[in-house]
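What follows is one structure encoded as structure tokens, with my remarks underneath.
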């Protein structure tokens, strides 16, 4: 993209009163953004209000600074050689799956793995602009087999484990894992997807759709994770560089998570959760929604239970997802099925012989007093045993003084 073309697109996005819908009307009427800005006020008023037409005739004061920032960002590769690109609405390489949405973004900012983006060298004499076409072809191929993995920002310990292990299993079966880089399930999903990469693989492991400009990382706790995604996956944003983490941006970006993928897997979610927005948008696009059930006593399971009541596929293993998507997991999975659930027969034998306390815990969160009533241990002995099990990773301490037994896949 040339600097002048970039300036016109940025100006369109910065113009007051011009959202995605109005911008699409203008582009349909006049062509590319530079043509929009050459129109007379009278011509513009045939498409937009007089106020918006007036705004279109004046260059936004913040345009020069944003243009300089964006142009410099494009010219410099990221840490470790991560590549930077922008796709605009109307590009032949714009993700086709987003075009079917009601509100496709005007611009997509991409920051991703050098191997993924530059997986085929340009032949001598081919213009550098052709690199963007190669990127999008690779992106389209990778997203042809992809799934969104979303859930609570405050998952139970088991929920976080499920997110990571399911994502790893699905990644090993060839799926690209798409999520939102948020704390909790999102972060665990990205980690699991990165875990799935074989040494030397240049497969697109994971895509993070973020609610800020790509020159920022939110939350800060995921700075290292974002850098690793840039090396082995892709970060995508529709927001200009410098955009801070505004609350309204995160529900809005969920439509892209749903739009880019074949389906959505919800790990844990409360009844009022952004993950349910992603699930609803997925269903509205005629795609599969999957949900993992949980304890009836857990608020984090109620969103998943509601989805299952509404027709989402109940999922107990990665194989359930692959079968529903009609994907071949390959011979390795057939020999050694991937399941993130406990072998209850084996677990029962193990726990009854090794530690009766685990049997008393069950699989639902439980308070200390209730647990003491179940097992009959004195407080000091009970606390000591719980500490041992917690250090072994077999029991997790939750907020509110609760404890939960951890499944081990």
Subject >> Cβ-based exposure ranking for 161, 321, 185, in which fewest neighbours within 10 Å come first >> reply: 161, 321, 185
Original post:
For the chain, modelled as a GNM with alpha-carbon contacts under 10 angstrom, which of 252, 168, 220 fluctuates the most?
Top reply: 220
**OP:** For region 1-67, just say rounded, prolate or oblate: build the C-alpha gyration tensor, square-root its eigenvalues into a ≥ b ≥ c, call rounded for a/c under 1.5, and beyond that prolate if a/b exceeds b/c, oblate if not.
**Re:** prolate
Subject >> Relative contact order (%) - criterion: Cα under 8 Å, at least six apart; region: region 1-67 >> reply: 43
Original post:
So how long is each side of the chain along the principal axes, counting just the alpha-carbon atoms, biggest first, in Å?
Top reply: 84, 49, 37
**OP:** Report the residue, chosen from 202, 254, 162, that carries the largest GNM mean-square fluctuation when the chain is represented by alpha-carbon nodes joined by springs under 10 Å.
**Re:** 202
Subject >> Proxy reagent accessibility, fewest Cβ within 10 Å first, across 406, 387 >> reply: 387, 406
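Shape verdict for region 157-228, please, from the Cα gyration tensor: rounded (a/c under 1.5), prolate (a/b greater than b/c) or oblate.
Numbers: a/c = 2.08, a/b = 1.30, b/c = 1.60.
Note, shape of region 157-228 comes out oblate.
Just rank 72, 13, 206, 22, fewest to most, by other beta-carbon atoms within 10 angstrom. Intermediate values should be presented prior to the final figure.
On the way: 72 10, 13 21, 206 29, 22 17.
Arranged by neighbour count, lowest to highest, 72, 13, 206, 22 become 72, 22, 13, 206.
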Original post:
Quick one: if you stick a label point 7 Å off each Cα along the C-beta vector at residue 221 and residue 57, how many nm between them?
Top reply: 5.2
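Peptides 234-243, 265-274, 396-405: what's the order by average Cβ count within 10 Å, highest mean first?
Working: 234-243: 21.9, 265-274: 23.9, 396-405: 14.9.
Top of the packing list down: 265-274, 234-243, 396-405.
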Subject >> Cα centroid separation, region 247-273 to region 166-241 (Å) >> reply: 15
Original post:
residue 68 to residue 145: FRET efficiency via 1/(1 + (r/R0)^6), r the Cβ-Cβ distance, R0 35 Å, to the nearest 0.05?
Top reply: 0.35
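Could you calculate the FRET efficiency of residue 25 with residue 368 from 1/(1 + (r/R0)^6), where r is the beta carbon distance between them and R0 is 60 Å, rounded to 0.05?
Working: r = 62 Å, r/R0 = 1.03.
The calculated FRET efficiency here is 0.45.
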Original post:
Say each of residue 32 and residue 92 gets a label point 7 Å from the Cα, pointing the same way as Cα to Cβ; how far apart are those two points in nm?
Top reply: 1.5
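If you average the sequence gap of Cα pairs under 8 Å that are 6 or more apart and divide by the length of the chain, what percent do you get for the contact order?
Working: 698 pairs, mean separation 48.3, N = 409.
Relative contact order of the chain: 12 percent.
Coordinate-derived values only; no laboratory data. As the structure is a prediction and not an experimental result, all values here were calculated from the model. As a convention, Cβ positions derive from the backbone with ideal geometry for all residues, glycine included, and neighbour counts pool all protein chains shown.
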